[in-house]
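Okay, structure first, notes after.
Derivation of every value follows stated rules applied to the coordinates shown; laboratory data play no part. Computed from a predicted model, the values in this text were never measured in an experiment. For neighbour counting, all protein chains shown are included, and Cβ atoms are generated from backbone atoms with ideal geometry for every residue, glycine included.
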Amino acid sequence: MAYQVSQQYAFRAQKSLGLVHGPPDYNAVTDFHSPDVPARTFSYSADGRLLAYALPTVVRIFQAEGAQLLQELSIPNALDLRFSPRGTYLSTWERPLKLEDGSQHKNLRVFSTSTGEELVSFSQKTQEGWDLQYTISESHALRLVSSEIQVYRPADWSKGIVEKLKVDGATSVSLSPGLNPSVAVFVAGKKGGPASIKIYGLLTLNAPPTCQKSTFKADRTQMKWNTLGTQVLVLTQTEVDNTNKNYYGETGMYLLSAVGNFDCRIPLDRDGPIHDFAWNPNSKEFGVVYGYMPAKAMLFDQRVRTIHDFGAAPVNTISFNPQGRLVLLAGFGNLAGKTDIYDRRTLNKVCSLDAPGTAHLEWSPDGRFLMTAILSPRLRVDNGLKVWHCTGSLIHVQLCEELYQVAWRPATLDNVPTFPPTIPQAPPASESVQKIALEKPAVVAKPAGAYRPPAARGTATPTLFKREDEGGVARTPGSGAATPPRAYNRPPPGAAGGFTNGYHNNGGSYHHPQNGGRRHVPGAASPQQAQHPHDGDKKKKKKVKKENGKEGVEDKAKVNGGLSGDVSPSMLQAVQGEVDRLTEVSAVQAAESSLDPTAKKIRNLNKKLKAIEELKEKVKRGERLEATQLKKMEGEVEIRKELVGLSEKLAA
């Protein structure tokens, strides 16, 4: 089957605008010529048939396949462009101006893409939600003006408004896709009253709403319809969190049916904001990422029943590929950029990749490739785009100074190859991947860890100094002690926590070392003196015994490794374990020294092959290699030949 739409992507930078063929060659479209002045924006039509870009003085419309110029519209200062669903109309938005005659500036203009004729114009002050919303068949178009929904028929713009609905307090509307379009309207609350979401049928706009939901925690919303237009997800958000847990306000999520047979609040079992949500293209399920970091990702069906829990991870983005076969979870923004791709059928992880600094993420129309881009002005260094295969292999890299915008050329599912039953294999990487690896050697990040003094660096950590969760010896602190016992029990005199006049300081209160930790008031008789008035005689006897037994104490110290004080059995066990480990290392070194020269050479060659395999894995992950590392990879064949010869020699 011959597919009419080829893979293609467009990019816009400070000094260039270009079209590039997609896999497998990634060559520039030869018939497209970049404009001499910087472009302000570009846009593809939903079917991928047309491409338009705006310059300071004109707007040009091209046929995306072959880059043939179709129309050049004299529209100065256009800042945004949008096509209608079928590419019949092109809308442009300019920054509103104050005209000298006092009339309104018609800064929203609609043109015919086939003739270039201006069909209608409106006044639109804000750029947010500026464009008209069309039905999928382009039979109707609507816009919200001062809490009034105005409906037009694009086939005859001259008739003006054909139907309208006044909804007091309406701040945003969303038109559903599908053959039976509906309109979701968000109505902000007033004077302490609740906000509400209402759904109307477009063809019965003045009838009562088919579905309605009220909430007290909503100052603004984000609405996403499923592909069929039968259900809508509504993310509500408040400006202020009354519980003072989140600086950005409270969030909530609702699912509403267009016909009114189902509506509910999405139950989320974790506190924190809702980071992202997305419908599966099959319209039967959706995914939500929510909660404080590490956030939780969940899949729900269309009746809000849990399908799968992906667990907690540092992610804030979820996306399905156009075929709904793959699910992507990623952490962008202030997160590290780790991206995981899952197979929706088996819910097993397909691969992981690292894309730090990503500001734009987009699946290719065939669902096999993923584009990530670092854009300005969010980041002004390392700008460029990367194309990854769905198995995690880096396929193409394009670096570009001050890159502002990138996009795949859209295509309908009928015009792209079907996604195979099994995950396809990655094609060979383009030359750009090897070129980048040569030009910029990889910077290996040093793993962070505990501080080690210079004399102890490069050596293994003794078991004595490891934590219990790292394999160290379990320690049992003594009564009242906050620090595990080491090889000594007596602190230096006068030190914090040390003994002073027979007492030690424990958190600000003084305790005698022999009174069981009971509180003692300075200047008063100790409890032991009160109970035993002849303790003075006992102390003299103890002093004599201590002098007589001095030699025994010294002998005991020698047995315990020359340390004064008691050593716990766990300490002795740890020291013995360290001695055994050093003995094993010495035995291994002695065994290696006894090998003959041929065996040593074989061992060294195997080490080189292992290092080469590690370098290959780095290339697959998209890391850049140094020239010496690439030269080492080129010598793999010679090493294997030499290894075969030595093995035959050793066997003989």
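A compact table of results
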quantity: Sorted by Cβ neighbour density within 10 Å, fewest at the top, the residues Glu250, Glu138, Glu239; calculated: Glu239, Glu138, Glu250
quantity: Relative compactness, the stretch 339-460, computed as alpha-carbon Rg over 2.2 N^0.38 Å; calculated: 1.36
quantity: Given charges at beta-carbon only (K, R positive; D, E negative), |dipole| of the stretch 198-317 in Debye; calculated: 240 debye
quantity: Contour minus Cα-Cα distance for Lys166 and Leu413 (0.36 nm per residue); calculated: 85.1 nm
quantity: Cβ-based exposure ranking for Trp130, Trp93, in which fewest neighbours within 10 Å come first; calculated: Trp130, Trp93
quantity: Cβ-derived FRET efficiency at R0 45 Å, Leu361 paired with Lys607, nearest 0.05; calculated: 0.70
quantity: Square roots of 5 times each gyration tensor eigenvalue, C-alpha, the stretch 108-164, largest first, Å; calculated: 18, 14, 11
quantity: Distant-in-sequence amide H partners of Glu362 (H built 1.01 Å from N, under 5 Å); calculated: Met371
quantity: Signed unit charges on C-beta, dipole axis of the stretch 1-122, positive-most listed residue Ala28, Leu51, Ser121; calculated: Ser121
quantity: The stretch 143-204, dipole about Cα centre (Lys/Arg Cβ +1, Asp/Glu Cβ -1), debye to the nearest 20; calculated: 140 debye
quantity: For Thr92, Thr251, order by how many other beta-carbon atoms lie within 10 Å, fewest first; calculated: Thr251, Thr92
quantity: From phi via Karplus (6.51, -1.76, 1.60), per-residue ³J(HN,Hα) for the stretch 283-291 in Hz, x at Gly/Pro; calculated: 6, 9, 7, 8, x, 9, 10, 8, x
quantity: For Val120, residues with placed amide H under 5 Å, excluding near neighbours; calculated: Val110
quantity: Net charge of neighbours whose Cβ lies under 12 Å from the Cβ of Tyr292, counting Lys and Arg as +1 and Asp and Glu as -1; calculated: +2
